[in-house]
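S.K.: Handing you this structure, nothing more for now.
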Amino acid sequence: MKKFLIILSFILFFALTGKAQETKSLPKQYQEAVTDILGKIPDAAANKATQIMDFAKSLLGVRYKYASSSPERGFDCSGFVSYVFKNFGFTGARSSRDFAKQGKQVALNEAKVGDVLVFTGTNARLRTPGHVGIIYSIDADGKIKFIHASSGKAHGVTVTDLEGYYKTRFLKAVTVVE
């Protein structure tokens, strides 16, 4: 759907600014309607979070592999997150502890798509970083989904709701890429 909207916006843009407009102008009501439509279409191509998520989604299903950051061999949690961000110029972290120290910490209710979530390891009583993921989506009610490489049931890159088990393990959210 996003690709369709982007293509439509380019067509409309070129139709309004190209040679067609030089020789014959669209009636004012159509120009206003097109301007209104273009104003409502998000600029997905320029949105860094959208680019990050599109890239991360392309890795869904890649298997889990401990201590790996390669789509060919598989990913562990921090290997997945570092691989995604490395493709956008961020090379400062490889482990969950590194991600906990990088970037700018933000309150969970102020976090946005593309921010990194830091969790404890499997023992939630030990409040030290042991797992990471990237915020995948936030719905209108504030419900967060994150994408991560899981050694659990999915045993690979998957999307999970931030609730229950993961909510109890949540440590902090960090903005890595502005």
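The values are calculated or read from the model by the stated rules, or taken from the named source; none is laboratory data. In this text the structure is predicted, and so the values were computed from the model without any measurement. Because the Cβ atoms are built from the backbone with ideal geometry, glycine has one as well, and the counts that use them run over all protein chains shown. The protein model used for the area step is the full one, side chains on, heavy atoms only, and it has no ligands, DNA or RNA in it. Shrake-Rupley method; radii C 1.70, N 1.55, O 1.52, S 1.80 Å.
S.K.: Quickly run through region 83-106 and pick out the residues that are farther than 20 Å from PHE170 by Cβ and not basic (Lys, Arg).
M.R.: So the first thing to find is which residues in region 83-106 are farther than 20 Å from PHE170 by Cβ, and the list is 83, 86-92, 94.
Passing the criteria: TYR83, ASN87, PHE88, GLY89, PHE90, THR91, GLY92.
S.K.: Now for a different question. Return the residue satisfying two criteria in turn: it lies in region 83-95 and is closer than 16 Å to VAL157 by Cβ and touching a Phe, Trp or Tyr at 6+ places or on another chain (Cβ under 8 Å), and of such residues it is surrounded by the fewest Cβ atoms within 10 Å (Cβ to Cβ).
M.R.: Among residues in region 83-95 that are closer than 16 Å to VAL157 by Cβ and touching a Phe, Trp or Tyr at 6+ places or on another chain (Cβ under 8 Å), the one surrounded by the fewest Cβ atoms within 10 Å (Cβ to Cβ) is ASN87.
S.K.: Also, I was wondering about something else. Return the total of residues in region 96-119 being crowded, with 19+ Cβ neighbours inside 10 Å and among the polar types (S, T, N, Q).
M.R.: Of the residues in region 96-119, 1 are crowded, with 19+ Cβ neighbours inside 10 Å and among the polar types (S, T, N, Q).
S.K.: State yes or no: is LYS143 among the basic types (Lys, Arg) and at pLDDT below 95?
M.R.: Numbers: among the basic types (Lys, Arg): yes; at pLDDT below 95: no.
No: the conditions fail for LYS143.
S.K.: Same structure, new question: For the subset of region 56-78 comprising residues that are in contact with a strand residue (DSSP E or B) (Cβ under 6 Å, 6 or more places away or on another chain) and aliphatic (A, V, I, L, M), which member is farthest from SER151 (Cα to Cα)?
M.R.: ALA56
S.K.: Is it true that some residue in region 55-73 is within 17 Å of VAL176 (Cα to Cα), crowded, with 20+ Cβ neighbours inside 10 Å and modelled with pLDDT of 95 or more?
M.R.: Our first condition is that a residue be within 17 Å of VAL176 (Cα to Cα); within region 55-73, this holds for 55-56.
With the extra rule that they be crowded, with 20+ Cβ neighbours inside 10 Å, the set shrinks to 56.
Still in the list and also modelled with pLDDT of 95 or more: 56.
Looking for residues that are within 17 Å of VAL176 (Cα to Cα), crowded, with 20+ Cβ neighbours inside 10 Å and modelled with pLDDT of 95 or more, one finds at least one in region 55-73, hence yes.
S.K.: On to the next question. Out of (1) under 11 Å from LYS172 (Cβ atoms); (2) touching a residue at least 60 places away in the same chain (Cβ under 8 Å), the odd one out for VAL132 is which?
M.R.: Among (1) under 11 Å from LYS172 (Cβ atoms); (2) touching a residue at least 60 places away in the same chain (Cβ under 8 Å), the lone unmet condition for VAL132 is (2).
S.K.: LYS145 is checked against (1) over 16 Å from the mean Cα position of the chain (by Cα); (2) free of Cβ contacts under 8 Å to residues at least 24 places away in the same chain and fails just one. What number does that condition carry?
M.R.: (1)
S.K.: If you go through region 152-163 one residue at a time, how many are open to solvent by less than 50 Å² (accessible area, probe 1.4 Å), modelled with pLDDT of 95 or more and outside any strand (DSSP E or B)?
M.R.: Final tally of qualifying residues: 1.
S.K.: Could you check, for region 127-136, whether at least one of its residues is aromatic (Phe, Trp, Tyr), modelled with pLDDT of 95 or more, open to solvent by less than 30 Å² (accessible area, probe 1.4 Å) and touching a strand residue (DSSP E or B) at 6+ places or on another chain (Cβ under 6 Å)?
M.R.: For region 127-136, residues aromatic (Phe, Trp, Tyr), modelled with pLDDT of 95 or more, open to solvent by less than 30 Å² (accessible area, probe 1.4 Å) and touching a strand residue (DSSP E or B) at 6+ places or on another chain (Cβ under 6 Å): absent.
S.K.: Give me the pairs, please: first residue somewhere in region 102-116 and of a type in the set (Asp, Glu), second residue anywhere and part of a loop (DSSP other than H, G, I, E, B), beta-carbon distance under 8 Å, and either six or more positions apart or on two chains.
M.R.: The qualifying pairs are ASP115/VAL176.
S.K.: I've got another one for you. Among what's in region 79-101 and is without any contact (Cβ under 8 Å) to a residue 60 or more places away in the chain and assigned to a helix (DSSP H, G or I), pick the residue that is farthest from ALA149 (Cα to Cα).
M.R.: LYS101
S.K.: Does any residue of region 142-151 turn out to be open to solvent by less than 30 Å² (accessible area, probe 1.4 Å), over 20 Å from SER82 (Cβ atoms) and not in a loop (DSSP other than H, G, I, E, B)?
M.R.: Yes, region 142-151 contains at least one residue that is open to solvent by less than 30 Å² (accessible area, probe 1.4 Å), over 20 Å from SER82 (Cβ atoms) and not in a loop (DSSP other than H, G, I, E, B).
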